[in-house]
Amino acid sequence: GKIDALRKDGQILKDDRNCLACRLKWNGRDIIVRQYKHKGFIPSLRDTAGKSYAKRDWLNGARLRTLNMPAPEMLALIERRKAGLVWESYFVSEYIEGYGY
């Protein structure tokens with residue numbers, strides 16, 4: 001998809017079996033895209049019934065902002081589904097130097 005094409009021009013900050021984090025420029029903004037990788041049917045079932053990692057990131061960011069604690073601006077939560085199950089999830093936020101991604 002479009003988010004995968006954008007990521008090709010970015011700087012990889014983390015790439016392990018669970019997550020790929022990429023810093024890139026989009027519409028003049030410095031952002032981070034975190035892609036949580038598909039790990040099989042059971043994890044997809046769990047993410048669909050509960051909360052995907054991207055959704056947890058979103059909720060944690062909202063909680064920090066509600067408590068007036070510094071947190072990057074949250075820009076998007078994307079969940080790709082297959083047969084109704086969350087297959088991949090993405091969390092997009094602004095990039096803040098030194099924040100610890």
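Here D57 passes the criteria (1) outside any helix (DSSP H, G or I); (2) in contact (Cβ under 8 Å) with a residue 12 or more places away in the chain; (3) farther than 12 Å from E88 by Cβ except the one numbered (1). Can you name every residue in the range 60-74 that is closer than 17 Å to Y36 by Cα and crowded, with 17+ Cβ neighbours inside 10 Å? Residues satisfying the conditions are G61, M74.
Please go through the range 30-44 and pick out each residue that is aliphatic (A, V, I, L, M) and open to solvent by 80 Å² or more (accessible area, probe 1.4 Å). Outline the logic, then answer.
Filtering the range 30-44 for residues aliphatic (A, V, I, L, M) gives 31-33, 42.
I42, the sole residue that qualifies.
Considering D9, D57, the condition of being loosely packed, with under 15 Cβ neighbours inside 10 Å and of a type in the set (D, E) is satisfied by D9 alone. The residue of the range 75-101 that is most open to solvent (accessible area, probe 1.4 Å), among those that are in contact with a strand residue (DSSP E or B) (Cβ under 8 Å, 6 or more places away or on another chain) and part of a loop (DSSP other than H, G, I, E, B), is Y101. Filter the range 77-101 down to the residues that are of a type in the set (G, A, S) and under 15 Å from the mean Cα position of the chain (by Cα), then identify the one that is modelled with the lowest pLDDT. It comes out as G100. Pairing residues of the range 12-29 that are farther than 16 Å from D57 by Cβ with residues that are open to solvent by less than 100 Å² (accessible area, probe 1.4 Å) and of a type in the set (F, W, Y), at Cβ distances under 9 Å and at least 6 apart in sequence or on separate chains, gives L24/Y95; R29/Y95.
Being among the charged types (D, E, K, R) and in contact with a Cys (Cβ under 9 Å, 6 or more places away or on another chain) narrows it down to one residue among D15, D57, D47, D30; which is it?
Exactly one of D15, D57, D47, D30 is among the charged types (D, E, K, R) and in contact with a Cys (Cβ under 9 Å, 6 or more places away or on another chain), namely D15.
The values are calculated or read from the model by the stated rules, or taken from the named source; none is laboratory data. Everything numeric in this text was worked out from a predicted model, so none of it was measured. Note that we place each Cβ from the backbone using ideal geometry, even for glycine, and neighbour counts take in every protein chain shown. Remember, those area values only see protein heavy atoms, side chains included, never the ligands or the DNA or RNA. Shrake-Rupley method; radii C 1.70, N 1.55, O 1.52, S 1.80 Å.
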